[in-house]
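A short write-up of the structure that comes next.
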Amino acid sequence: MELLQQLQTETRKQSRLKQWLVLALRIGCIIFIVLAFAQPIIPGHNGISQAGSKYVSVYLDNSFSMEGVTPQGSKLELAKRKAHEIAAAYSATDRFQLITNDAEGRHFRFVSAEEFAALVDEVQIGPASATIADIAHKQYDFMNTNASGSKNTYLISDFQQSSTHLGSMPTDTTIGSTTLIPIQSAEAANIFVDSISLESPIIQKGSVATIYIYATNSGSTAVEKVPVKLTVDGRQCGLASIDLPAHSTQSVAINFTIDRAGTLNGMVSITDYPIVYDDQMYFSLHIQEAVNILAIDGNSAAPYLDILFGSDSAFRIDHCGERNINFDRLPHYNTVILNEVHNIPSGLGQTLLSFVSNGGTLVVIPPMEADLQSYSALLTMCNAPVLSTLQTSTAKATAVNFNHHLYQGVLDPKAGTDNIETLVTHRYYKAAQSANTIKESIIALDNGDDFLTATPLEKGRIYLFATALNATCTDFAKQALFVPTLYNMALQSHPVGRLYHTIGSTNAIELLTTLKNTDGIPRLMSADGSYEVIPELKNTAGKTYAVLHNQIKTAGNYILRLGDNDIQCAAFNYNRSESETKFMSQADLLEGIDHYNLAPTYSVINDIDKPISKHIQEQANGTALWKYFAIAALITLLAEILVLRFFKP
């Protein structure tokens, strides 16, 4: 009997538990159904759903790195599809801006959705590159200046590590959101010519030049014996090979002979696949027929200058009196020698300052009766030592800076002055210095005073002697040091100049010839004649510049032509910033956003296969939760059925 009572009690408890479970499940089902019909959301943060006009800026990366391939096809074509999806997520009345690395004027305006789609279809791979932060700042500046409604920006790129610096991104809170859409691809090994340089900036006709080629292997596998070819004016002039360990840059030298004066067009090349745009590097050399020297004489022409330069075809020396200077002709000379000029008028001083600043070499040889005030005015402007008191005691030169570039390759620094006859000076000016004085001591006297100094000034250089070089003052003109000193001062005043320019970075070419707009219409043509642009000519401080306005898009050798005359050549190369094949992953971007506190304004599309329109809709209207509550209602209903069927007290 007791056992029966216990069974009845336990059955009643289990039945009551079943009833409570069924009641709870039914109540839960009703609650979930009510919540599902209420359509709750997690609110978005970018304000797309705000009433009024909506303004959208889309950056479409069209740099060389976007030539890569993804499982969905070309990176650029995938990026274009994403741009179209962005436009499709908005209404036809909203306004759009498309910006690329080209940064063309037509991209800095708002257009309709239809015109935006046409602009996207026209985008092609190009040589221009930009950092993600620079692009974002351009978007923000444009939006804040031209948009008054809801503002949202999108960045579609492969986010190369070399150009993605999230710490520099704008943080303007007036922008609703900035969405990063990474176009991912596997990192590809790439071997490329990184840069080139000459062993010496001084090259003459008939000399042997050495060019250094720097190649980079961005891959994780070492490569051996990569062929490197040097071509000059269409002729192969050298061949070498180079070993490249993984993730390294190495150099190789190739010698070639300068067989003529004028302009030489060259190219260094390697062979590498599949990235080929950076396998060539072009360069141009301008070899001057002779170095042009102007000697401005005080009392009379110094015979030692004509003896040194007059009989050498590598130099062309002209003389003029200190009162007969043609100021307009000064920019045509490489070296100007002030030879015992008594007074330097302010006009001449300003002209010489400009001459040196623009790359000229000025050699100052003072007379013993110099107007020190006028000399001080010029030397102070140039940050050079200033001539002060005249010293009449005899002094000897005991310190020569053989490491100075004037003596490189001429005198052995280890030998010192033992094998060189000591120069003597009987009269010289002691130099004074200020806090702004810049000097390189080349020859010093035994009492510590300077006999010869050099002062760099922008593109040029000033050499200052402490005395006149006539026999009354010093025997320097008879010493072994005299020839290499004066010779190299003049020779080094004409370096070969800039080997090449970088597309997108160089906007003007300094011309070796002064031109005026009235001289005619210049044309900058590719060497094969397939492409030409008309640059703008600008004259500044006696120099002429050809302003390009970013018209050069293709790497190669170019010729500046005026009428039927070739004025100058220039080489252009693609920016190597696109050659590094390392990219930011989605996790890297999310980590950067968190590290620099860019959320919630900045976000990253995690699933590139998911239509962008769904992501935008979630940002606009928030994340809809009704489906989750509907699923929960179905689960509670199913649980109730299972309880009723299988829970038997």
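The values are calculated or read from the model by the stated rules, or taken from the named source; none is laboratory data. For clarity, every value in this text was computed on a predicted model and none was experimentally measured. Cβ coordinates were reconstructed from backbone atoms using ideal geometry, including for glycine residues, and neighbour counts include every protein chain displayed. Areas reflect the complete protein model, heavy atoms only, side chains present, ligands, DNA and RNA absent. Shrake-Rupley method; radii C 1.70, N 1.55, O 1.52, S 1.80 Å.
I need the full set of residues from segment 489-506 which are under 20 Å from residue 292 (Cβ atoms) and at pLDDT 90 or above, in order please. Quick ask: steps written out before the conclusion?
Going through segment 489-506, the residues under 20 Å from residue 292 (Cβ atoms) turn out to be 489-498.
The answer is 489, 490.
Just need a number here: residues in segment 201-232 that are within 29 Å of residue 408 (Cβ to Cβ) and either assigned to a loop (DSSP other than H, G, I, E, B) or small (Gly, Ala, Ser) (or both).
Counting residues in segment 201-232 that are within 29 Å of residue 408 (Cβ to Cβ) and either assigned to a loop (DSSP other than H, G, I, E, B) or small (Gly, Ala, Ser) (or both) gives 9.
Quick one: would you say residue 197 is part of a loop (DSSP other than H, G, I, E, B), modelled with pLDDT of 85 or more and not β-branched (Val, Ile, Thr)? Give the derivation first.
Values: part of a loop (DSSP other than H, G, I, E, B): no; modelled with pLDDT of 85 or more: yes; not β-branched (Val, Ile, Thr): yes.
When the stated conditions are applied, residue 197 does not pass them.
Take segment 586-599 and flag every residue that is surrounded by 13 or more Cβ atoms within 10 Å (Cβ to Cβ) and not acidic (Asp, Glu).
586, 589, 590, 592, 593, 596, 598
Out of all the residues in segment 611-637, which are surrounded by fewer than 19 Cβ atoms within 10 Å (Cβ to Cβ), at pLDDT 75 or above and either under 25 Å from residue 77 (Cβ atoms) or within 34 Å of the chain's Cα centre (by Cα) (or both)?
Selection gives 611 alone.
Quickly run through segment 570-598 and pick out the residues that are assigned to a helix (DSSP H, G or I) and either of a type in the set (D, E, K, R) or free of Cβ contacts under 8 Å to residues at least 12 places away in the same chain (or both). Quick ask: steps written out before the conclusion?
Applying the first criterion (assigned to a helix (DSSP H, G or I)) to segment 570-598 yields 576-578, 586-595.
Selection gives 576, 578, 587, 588, 591, 594.
From 144, 62, which residue is over 20 Å from residue 158 (Cα atoms) and of a type outside the set (A, V, I, L, M, F, W, C)?
Unique residue meeting the criteria: 144.
Within segment 310-327, can one find any residue that is surrounded by 15 or more Cβ atoms within 10 Å (Cβ to Cβ), closer than 25 Å to residue 540 by Cβ and of a type in the set (A, V, I, L, M, F, W, C)?
Yes; the residues of segment 310-327 include at least one that is surrounded by 15 or more Cβ atoms within 10 Å (Cβ to Cβ), closer than 25 Å to residue 540 by Cβ and of a type in the set (A, V, I, L, M, F, W, C).
Return the residues of segment 84-96 that are open to solvent by 20 Å² or more (accessible area, probe 1.4 Å) and part of a strand (DSSP E or B); say none if nothing qualifies.
Within segment 84-96, 95 is the sole residue that qualifies.
Could you count how many residues in segment 259-299 are over 30 Å from residue 243 (Cα atoms), outside any strand (DSSP E or B) and aliphatic (A, V, I, L, M)?
Final tally of qualifying residues: 2.
Please go through (1) under 28 Å from residue 342 (Cβ atoms); (2) of a type in the set (D, E, K, R); (3) assigned to a loop (DSSP other than H, G, I, E, B) for residue 461 and return the number of the only condition it doesn't satisfy.
(3)
Residue check: is residue 575 touching a Cys at 6+ places or on another chain (Cβ under 9 Å) and either open to solvent by 30 Å² or more (accessible area, probe 1.4 Å) or more than 30 Å from residue 427 (Cα to Cα) (or both)? Before the answer, list the steps.
On the way: touching a Cys at 6+ places or on another chain (Cβ under 9 Å): no; either open to solvent by 30 Å² or more (accessible area, probe 1.4 Å) or more than 30 Å from residue 427 (Cα to Cα) (or both): yes.
Spelling it out, it is not the case that residue 575 is touching a Cys at 6+ places or on another chain (Cβ under 9 Å) and either open to solvent by 30 Å² or more (accessible area, probe 1.4 Å) or more than 30 Å from residue 427 (Cα to Cα) (or both).
Output the residues belonging to segment 265-305 that are under 24 Å from residue 343 (Cβ atoms) and without any contact (Cβ under 8 Å) to a residue 24 or more places away in the chain.
First, pick out the residues of segment 265-305 that are under 24 Å from residue 343 (Cβ atoms): 293-305.
Answer for segment 265-305, where residues must be under 24 Å from residue 343 (Cβ atoms) and without any contact (Cβ under 8 Å) to a residue 24 or more places away in the chain: 300, 303.
Filtering segment 340-365 down to residues that are within 20 Å of residue 317 (Cβ to Cβ) and assigned to a loop (DSSP other than H, G, I, E, B), which residue is modelled with the lowest pLDDT? Spell out how you get there, then give the answer.
Just the residues of segment 340-365 that are within 20 Å of residue 317 (Cβ to Cβ), to begin with: 340-341, 348, 351-352, 355-356, 359-365.
Pick out the ones that are also assigned to a loop (DSSP other than H, G, I, E, B) and you get 340-341, 359-360.
Details: 340: 93, 341: 94, 359: 84, 360: 90.
Of everything passing the filter in segment 340-365, 359 is modelled with the lowest pLDDT.
Hey, among 608, 567, 509, 552, which residue is open to solvent by less than 40 Å² (accessible area, probe 1.4 Å), touching a residue at least 12 places away in the same chain (Cβ under 8 Å), outside any loop (DSSP other than H, G, I, E, B) and not aromatic (Phe, Trp, Tyr)?
Checking each option against the conditions leaves just 509.
Take segment 474-506 and flag every residue that is buried (at least 16 other Cβ atoms within 10 Å of the Cβ), hydroxyl-bearing (Ser, Thr, Tyr) and either in a loop (DSSP other than H, G, I, E, B) or touching an Asp or Glu at 6+ places or on another chain (Cβ under 8 Å) (or both).
Result: 493, 500, 506.
Would you say residue 246 is within 18 Å of residue 226 (Cα to Cα), aliphatic (A, V, I, L, M) and part of a loop (DSSP other than H, G, I, E, B)?
yes
Kindly evaluate residue 96 against the criterion of being among the aromatic types (Phe, Trp, Tyr) and within 20 Å of residue 605 (Cβ to Cβ).
Considered against the rule, which asks whether it is among the aromatic types (Phe, Trp, Tyr) and within 20 Å of residue 605 (Cβ to Cβ), residue 96 comes out as yes.
Considering each of 186, 133 in turn, give the residue that is out of contact with any Cys (no Cβ under 8 Å at 6 or more places or on another chain), over 30 Å from residue 286 (Cα atoms), hydrophobic (A, V, I, L, M, F, W, C) and open to solvent by 60 Å² or more (accessible area, probe 1.4 Å). Don't jump to the end; show me each part of the working.
Working: 133 fails: open to solvent by 60 Å² or more (accessible area, probe 1.4 Å).
Result: 186 is the single residue among 186, 133 that is out of contact with any Cys (no Cβ under 8 Å at 6 or more places or on another chain), over 30 Å from residue 286 (Cα atoms), hydrophobic (A, V, I, L, M, F, W, C) and open to solvent by 60 Å² or more (accessible area, probe 1.4 Å).
Please tell me if residue 233 is more than 30 Å from residue 477 (Cα to Cα), of a type in the set (Asp, Glu), at pLDDT 90 or above and open to solvent by 50 Å² or more (accessible area, probe 1.4 Å). Give the steps one after another, and end with the answer.
Details: more than 30 Å from residue 477 (Cα to Cα): yes; of a type in the set (Asp, Glu): yes; at pLDDT 90 or above: yes; open to solvent by 50 Å² or more (accessible area, probe 1.4 Å): yes.
Yes, satisfied.
So, in segment 97-146, how many residues would count as being of a type in the set (Val, Ile, Thr), under 20 Å from residue 177 (Cα atoms) and assigned to a loop (DSSP other than H, G, I, E, B)?
Of the residues in segment 97-146, 2 are of a type in the set (Val, Ile, Thr), under 20 Å from residue 177 (Cα atoms) and assigned to a loop (DSSP other than H, G, I, E, B).
List every residue pair whose Cβ atoms lie under 7 Å apart, where the two residues are 6 or more positions apart in sequence or sit on different chains, the first residue falls within segment 467-495 and is of a type in the set (D, E, K, R), and the second residue, located anywhere, is open to solvent by less than 10 Å² (accessible area, probe 1.4 Å) and part of a loop (DSSP other than H, G, I, E, B).
475/423
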